[in-house]
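Below is one structure, written out as structure tokens; the observations come after it.
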Amino acid sequence: MSKPSAASATETDAIPPATSGASSHQRARRLLLAGWETLISVAATFFGLLFITFVIGRLMPADPLLAIVGERASEETYNRIREELGLNLPIWRQFLIYAWDVVRGDFGMSVLTARPVSEDLLRVFPATAELSIVGIFIGVVAGVPLGVWAAVYRNSFLDHVMRVLGLVGYSVPIFWLGIMGLLVFYLELQWVAGPGRLEVYLDGQVPTVTGMILVDSLIAGDWEVFNNALSHIILPASLLGYYSLAYISRMTRSLMLEQLNQDYLLTARIKGMRQSRLIWRHAFGNILVPLITVIALSFAGLLEGSVLTETVFAWPGIGRYITNALLNADMNAVLGGTIVVGTVFVGVNLLSDVLYRIVDPRAR
Amino acid sequence: MKKFLAALAIGAGLALTMPAAHAATPDDTLIEAWRFDDMISLDPAEMYEISTYELVGNVYVTLVSIDPHDTSHILPRVAESWSASDDGLTYTFKLRAGQKFHSGNALTAADVVYSFQRLAALDLAPAFLITDLGISKENMNDTLKAVDDLTFQFKVDKPYAPSYVINVLSASNFAIVDSKLLKSHETNGDWGNGWLKTNSAGSGPFILKSWKPDETLVLEANPDYYGGKPKLKRIVWRNIAEESAQRLLLESGDVDIARNLSADQLDGLRKKGGFEVTSTPQSTSLYIGMNLKNKYLADPKVREAIRYLVDYQGLEKTALRERYVTNQTFLPSSFLGYVDSNPYKLDVAKAKSLLAEAGYADGFELSIDLASTFQERMDIAQSLQGTLAQVGIKLKILSEDAKTALTNYRARKHDLYLGTWGVDYFDPNTNMVFVANSDNSDDPASKPLSWRNSWIDPDMTAKAQALLMERDDAKRKTGYQDLIKAWQPVSPFAMLYQEVQVAAYLPKVKNFFLGPSAETTLYLDVSK
């Protein structure tokens with residue numbers, strides 16, 4: 001995994017701490033400048049993303065027209081549609097037209113679903129977001145305390161168990177684990193519901209507001225739908241949670257170990273500070289900042305990397321949407337989906353920067 | 001830490017007490033798990049995908065249709081009776097009185113005219129079905145006529161075999177659409193195509209309620225269907241791409257039918273007991289195309305040798321078990337003119353001597369293009385790689401995404417291509433794409449499969465065209481049978497198998513029957 005936010009982390013470190021002597025005017029100017037720089041870098045990232053996805057899309061060996069007109073269309077039809085879609089224009093003009101459309105929020109029509117790509121994305125993105133949010137929640141709630149624990153009781157039995165769990169998380173394919181989970185918890189024990197987001201007979205019972213069924217059913221106050229959706233999401237989200245847990249707990253452990261070896265903790269301990277206060281207030285408080293980056297990265301990773309989970313659990317999300325579009329040379333859908341995932345990536349990084357500034361007083 | 005442990009315990013407790021979501025599916029609703037992510041447009045004048053054919057076959061009605069239990073038999077549908085003029089140019093259809101669309105609009109001959117017109121005028125992928133009859137967007141106002149409310153007439157440009165004309169009309173692309181409804185949804189002269197891509201305007205036994213691509217599709221019973229009220233109230237298709245997930249859903253009773261199970265999974269279900277399995281051979285052929293642009297493949301002896309290097313029986317018993325049956329002709333088994341002719345079997349010695357005769361005793365290199373999404377095609381390619389190696393031919397497998405493989409094939413850039421071909425309608429003429437080719441230049445008006453493999457045979461092309469005009473069905477039949485035998489040893493194809501559709505279902509589902517083609521899998525009589 002790349003670490004785009006590591007760069008911005010040093011960048012924020014480089015901003016000199018606000019001295020009490022600085023005037024409010026200077027401070028406002030500096031803030032404005034920082035905001036402007038961020039905006040430019042986001043815009044440049046976005047444009048680069050647009051350009052690269054477009055070029056890759058055009059370099060693909062599959063003929064996008066084939067997806068539209070089908071295998072058996074006559075040459076006449078083929079050429080007519082080619083002209084209608086502007087695919088006969090020079091590439092640079094096609095790119096300008098495309099970029100201008102995207103800026104106005106128009107990603108074109110999807111060949112596969114016969115609907116506007118923007119409409120499709122509004123349908124599939126919330127499904128993935130919901131799954132990832134529940135997944136990362138499980139990963140954080142379990143992974144952070146376990147990582148801290150493993151660091152405090154280093155080389156204990158628990159630490160070893162954690163290491164094995166992490167190893168399994170890295171080496172066992174999510175695909176296999178998903179099927180096993182379904183076999184045990186769905187088919188045999190019948191604790192959870194099977195593939196899909198909701199039982200078919202409940203489909204459409206609550207009005208779509210956010211597209212996330214858990215949220216929408218809460219808004220509508222429909223507990224039947226909420227329980228059913230929860231019963232469907234718990235297994236795939238736990239699976240994703242487990243994979244991010246493996247990463248988060250390992251990172252937490254090593255960050256925590258670093259702190260535990262610091263002199264200030266030793267001093268505090270000698271002074272007789274309680275163990276829990278020592279760990280949670282002092283040491284943990286100091287790893288919170290890098291931990292935010294770890295969590296943000298692993299959340300963005302979930303968003304893009306849940307393709308296999310979505311396939312196993314018949315989860316109609318963006319990973320499956322983009323994969324399917326790729327396999328069928330549905331370029332508008334591929335480009336639209338990639339841009340959304342890329343934008344979320346940039347957004348999550350930006351958010352972690354902001355959190356960084358809030359949590360770390362030096363960056364303020 | 002204690003608090004955390006307590007939270008964990010509460011969480012686990014919640015999970016244990018969570019309501020088990022295993023309520024049996026409602027009795028009036030049929031839930032099917034299958035892979036229908038090939039569905040693109042639901043407009044009958046545009047659609048060309050297998051699953052869409054099944055949908056359209058249940059939502060719309062055509063003038064006539066094929067009897068699913070006997071494909072040589074034509075059933076009256078919207079039309080009650082029909083006749084052809086003596087010169088074979090004018091066809092007249094009497095429509096059944098009192099038919100209604102889902103909208104409540106009456107179905108009249110004007111709707112039939114409109115449906116045929118939009119197929120020609122939209123000029124999308126399936127338009128050739130009607131232009132092949134000589135009816136185009138230029139002449140459609142003169143050739144298609146509503147004589148009165150219940151009489152529809154059209155003129156063809158040549159005296160085609162009447163069986164061919166009627167068989168073509170059974171294709172779902174000729175489904176009768178609600179002209180009043182569509183006219184109200186027309187934008188920029190698109191014949192309602194933009195709207196009909198995701199909606200329906202039919203008169204069939206089921207009404208399209210909703211379609212979420214990749215997710216679900218819901219059909220509801222049409223109580224006013226002329227053929228009687230459907231026994232089910234609702235049909236739900238769930239798009240489950242993963243086979244093992246389909247099996248789990250079926251085993252736990254969350255779906256009634258699973259459509260894409262592998263042979264191993266079917267074995268598992270049979271062993272466990274409590275499930276029914278049904279299967280029907282389809283009209284889809286799995287074949288290898290050999291491009292004559294490759295200098296080795298241009299030699300008929302090399303092509304004949306390759307036909308002897310496929311392990312037909314071995315593959316049928318292993319990788320293709322329950323999903324394919326051997327068929328080395330260009331016609332599916334239920335077609336007029338089909339003859340049971342499977343002369344090839346794996347014979348390495350024979351292939352060796354053919355190659356030696358051709359002067360290639362030392363072998364050479366070839367590549368094969370195929371879509372990576374189908375495991376069984378990969379299995380075939382690997383088996384072929386093994387048998388070809390025995391005669392010194394080194395085979396490179398180019399496993400690509402489906403559209404890339406097809407792009408190469410259409411551009412004649414392949415050596416070998418492994419893929420499937422489905423028929424467009426139930427008449428032998430549909431598969432003349434394997435035989436006829438009238439222009440082998442690089443950019444001809446028409447590009448049949450024989451063209452894609454750079455093969456042209458004027459005599460056989462003429463024979464195929466003559467059979468299209470043969471008005472005596474007995475002569476048509478023997479004509480195609482002779483053609484198969486003459487074509488088999490010289491063609492650029494190694495025809496391998498005919499596809500078989502298999503479905504596993506719960507015993508409480510009654511009258512479920514897979515048709516020989518997608519549009520003949522009908523749900524009218526299915527109950528639970």
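The values are calculated or read from the model by the stated rules, or taken from the named source; none is laboratory data. Predicted model only: the values in this text are computed from it and were never measured. Counting neighbours? That spans all protein chains shown, and the Cβs are built from the backbone with ideal geometry, glycine included. Accessible surface is based on the protein model in full, side chains and every heavy atom, while ligands, DNA and RNA are left aside. Shrake-Rupley method; radii C 1.70, N 1.55, O 1.52, S 1.80 Å.
Restricted to segment B:442-465, and to residues that are polar (S, T, N, Q) and either within 14 Å of another protein chain (Cβ to nearest Cβ) or surrounded by 21 or more Cβ atoms within 10 Å (Cβ to Cβ) (or both), which residue is farthest from B:Ala161 (Cα to Cα)? Here the residue is B:Asn453.
Evaluating B:Gly273 against the criteria (1) more than 14 Å from chain A (Cβ to nearest Cβ); (2) under 19 Å from B:Arg377 (Cα atoms) leaves one unmet condition, (2).
Sub-8 Å Cβ pairs linking a first residue in segment A:213-225 that is touching a residue at least 24 places away in the same chain (Cβ under 8 Å) and assigned by the TED database to the domain that holds A:Tyr201 to a second residue that is of a type in the set (Gly, Ala, Ser) and open to solvent by less than 30 Å² (accessible area, probe 1.4 Å), at least 6 apart or interchain, are A:Ile213/A:Ala229; A:Leu214/A:Ala229; A:Val225/A:Ser217, ordered by first then second residue. Selection over segment B:36-51 of residues that are open to solvent by 10 Å² or more (accessible area, probe 1.4 Å) and either touching a His at 6+ places or on another chain (Cβ under 7 Å) or more than 10 Å from every other protein chain (Cβ to nearest Cβ) (or both) gives a count of 1.
Filtered by the rule that a residue be in contact (Cβ under 8 Å) with a residue 60 or more places away in the chain, away from chain A (no Cβ under 13 Å) and of a type outside the set (A, V, I, L, M), segment B:419-441 gives B:Phe426, B:Asp427, B:Pro428, B:Asn429, B:Phe434.
Here B:Trp195 clears all of (1) free of Cβ contacts under 8 Å to residues at least 60 places away in the same chain; (2) under 30 Å from A:Leu112 (Cβ atoms); (3) not in a helix (DSSP H, G or I) except the condition numbered (3). Screening A:Val192, A:Val172, A:Val134 for residues that are within 21 Å of A:Glu310 (Cβ to Cβ) and at pLDDT below 90 leaves exactly one candidate, A:Val172. Residues in segment B:414-427 that are outside any strand (DSSP E or B) and under 15 Å from B:Pro448 (Cα atoms) were compared, and the one that is most open to solvent (accessible area, probe 1.4 Å) is B:Val423. Counting only residues that are at the interface with chain A (Cβ under 9 Å from one of its Cβ atoms) and not in a helix (DSSP H, G or I), segment B:240-254 holds 5 of them. Could you say which residue among A:Leu112, A:Leu121 is in contact with a Phe, Trp or Tyr (Cβ under 8 Å, 6 or more places away or on another chain), within 14 Å of chain B (Cβ to nearest Cβ) and either without any contact (Cβ under 8 Å) to a residue 12 or more places away in the chain or within 22 Å of B:Met39 (Cβ to Cβ) (or both)? Every option except A:Leu121 fails the conditions.
Of the strands (runs of 3 or more DSSP E) lying entirely inside segment B:70-185, the ones with 2 or more residues being open to solvent by less than 60 Å² (accessible area, probe 1.4 Å) and modelled with pLDDT under 95 are found at B:70-76.
Could you look through segment B:15-34, keep only residues that are at pLDDT below 90 and more than 9 Å from every other protein chain (Cβ to nearest Cβ), and pick out the one that is nearest to A:Ile233 (Cα to Cα)? Among those residues, the one meeting the criterion is B:Thr17.
Out of curiosity, is A:Leu198 at pLDDT below 90, in the same structural domain as A:Glu310 (by the TED database) and closer than 26 Å to B:Thr29 by Cβ? The answer is no for A:Leu198.
Condition check for B:Ser203 on (1) assigned to a helix (DSSP H, G or I); (2) touching a strand residue (DSSP E or B) at 6+ places or on another chain (Cβ under 7 Å); (3) crowded, with 23+ Cβ neighbours inside 10 Å; (4) more than 14 Å from chain A (Cβ to nearest Cβ): one failure, at (1). Considering only residues in segment A:63-77 that are in contact with a Leu (Cβ under 9 Å, 6 or more places away or on another chain) and more than 7 Å from chain B (Cβ to nearest Cβ), the one that is least open to solvent (accessible area, probe 1.4 Å) turns out to be A:Leu65. Taking segment A:78-109 as the range and being basic (Lys, Arg), in a helix (DSSP H, G or I) and more than 9 Å from chain B (Cβ to nearest Cβ) as the test, the residues that pass are A:Arg82, A:Arg93. For the structure I just gave you, tell me whether B:Asp472 is more than 27 Å from B:Ala371 (Cβ to Cβ) and more than 14 Å from every other protein chain (Cβ to nearest Cβ). Considered against the rule, which asks whether it is more than 27 Å from B:Ala371 (Cβ to Cβ) and more than 14 Å from every other protein chain (Cβ to nearest Cβ), B:Asp472 comes out as yes. Scanning segment B:217-233 for residues that are surrounded by fewer than 23 Cβ atoms within 10 Å (Cβ to Cβ) and in contact with a helix residue (DSSP H, G or I) (Cβ under 9 Å, 6 or more places away or on another chain) yields B:Leu217, B:Val218, B:Asn222.
Number of residues in segment A:100-109 that are open to solvent by 20 Å² or more (accessible area, probe 1.4 Å) and touching a residue at least 12 places away in the same chain (Cβ under 8 Å) equals 5.
Quick one: is A:Phe226 modelled with pLDDT of 90 or more, part of a helix (DSSP H, G or I), within 14 Å of chain B (Cβ to nearest Cβ) and open to solvent by 50 Å² or more (accessible area, probe 1.4 Å)? Against the criterion (modelled with pLDDT of 90 or more, part of a helix (DSSP H, G or I), within 14 Å of chain B (Cβ to nearest Cβ) and open to solvent by 50 Å² or more (accessible area, probe 1.4 Å)), A:Phe226 does not qualify.
Among residues that are of a type in the set (Gly, Ala, Ser), open to solvent by 40 Å² or more (accessible area, probe 1.4 Å), under 30 Å from A:Arg163 (Cβ atoms) and within 13 Å of chain B (Cβ to nearest Cβ), A:Ser254 is not included. Residues in segment A:55-76 that are part of a helix (DSSP H, G or I), farther than 14 Å from B:Glu46 by Cβ and over 29 Å from the mean Cα position of the chain (by Cα): A:Leu65, A:Leu66, A:Glu75, A:Glu76.
One line per residue, one yes/no per condition, for (1) modelled with pLDDT under 85; (2) assigned to a helix (DSSP H, G or I):
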site: A:Leu235; (1), (2): no, yes
site: A:Leu240; (1), (2): no, yes
site: A:Met251; (1), (2): no, yes
site: A:Ser254; (1), (2): no, yes
site: A:Leu257; (1), (2): no, yes
site: A:Met273; (1), (2): yes, no
site: A:Ser276; (1), (2): yes, yes
site: A:Trp280; (1), (2): yes, yes
site: A:Ile295; (1), (2): no, yes
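Scanning segment B:50-90 for residues that are among the hydroxyl-bearing types (Ser, Thr, Tyr) and within 24 Å of B:Ala201 (Cβ to Cβ) turns up B:Ser51, B:Thr52, B:Tyr53, B:Tyr60, B:Thr62, B:Ser65.
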